[in-house]
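One structure is given here, and the rest of the page talks about it.
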Amino acid sequence: MQKKRKIHIKKGDTVYVNTGENRGQQGRVLEVYPKQYRALVEGINLVSKHTKPNSENPQGGILQKEAPVDISNLMLVDPSTGEPTRIGRRLDKNGKLVRYSKKSGEEIK
């Protein structure tokens with residue numbers, strides 16, 4: 001049985017790519033796949049998909065499409081500074097668990 005890993009990013013977050021072909025680039029998270037521990041990021045890890053002609057694409061051909069990236073290769077971008085940061089979790093004044101930036105100490109909405 002695999003150990004359940006915590007996911008530090010959510011849909012809509014801006015992330016920085018640590019490693020791989022797209023290292024140093026930033027993008028917005030379109031979707032998160034917790035079971036595969038992967039995320040789909042806008043404009044990152046583009047792959048070529050060959051398609052037959054269909055109603056959506058009557059011409060057919062080769063399309064560029066995003067492929068999921070392992071979450072361990074992504075870091076959240078701190079909204080206040082615009083730099084990649086690690087994430088912590090703490091209780092706010094209402095007793096709710098919130099994410100915060102380890103660099104600036106500010107809460108992440």
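A compact table of results
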item	result
Pick from region 1-41, criterion closer than 14 Å to Glu66 by Cα and among the acidic types (Asp, Glu), ranking: surrounded by the fewest Cβ atoms within 10 Å (Cβ to Cβ)	Glu21
Qualifying residue in region 85-99 (condition: surrounded by 12 or more Cβ atoms within 10 Å (Cβ to Cβ), closer than 25 Å to Tyr16 by Cβ and free of Cβ contacts under 8 Å to residues at least 12 places away in the same chain)	yes
Given (1) in the same structural domain as Ile108 (by TED's automatic domain parsing); (2) modelled with pLDDT under 95, number of the condition Asn22 does not satisfy	(1)
Test: residue in region 42-50 that is more than 23 Å from the chain's Cα centre (by Cα) and either without any contact (Cβ under 8 Å) to a residue 12 or more places away in the chain or surrounded by fewer than 10 Cβ atoms within 10 Å (Cβ to Cβ) (or both)	yes
Test result for Thr19, among the hydroxyl-bearing types (Ser, Thr, Tyr) and either farther than 27 Å from Glu107 by Cβ or more than 8 Å from the chain's Cα centre (by Cα) (or both)	yes
Residue within region 1-9 that is assigned to a strand (DSSP E or B) and among the aliphatic types (A, V, I, L, M) present	no
Hits in region 61-84 - residues which are crowded, with 16+ Cβ neighbours inside 10 Å and either in a strand (DSSP E or B) or not charged (D, E, K, R) (or both)	Glu66, Pro68, Val69, Ile71, Asn73, Leu74, Met75, Leu76, Val77, Pro84
Candidate set from region 32-45 (those that are out of contact with any Pro (no Cβ under 8 Å at 6 or more places or on another chain) and not in a loop (DSSP other than H, G, I, E, B)); member that is nearest to Leu74 (Cα to Cα)	Val41
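The values are calculated or read from the model by the stated rules, or taken from the named source; none is laboratory data. Since this is a predicted model, take the numbers as computed values, not measurements. Cβ atoms come from the backbone with ideal geometry, glycine included; neighbour counts cover every protein chain shown.
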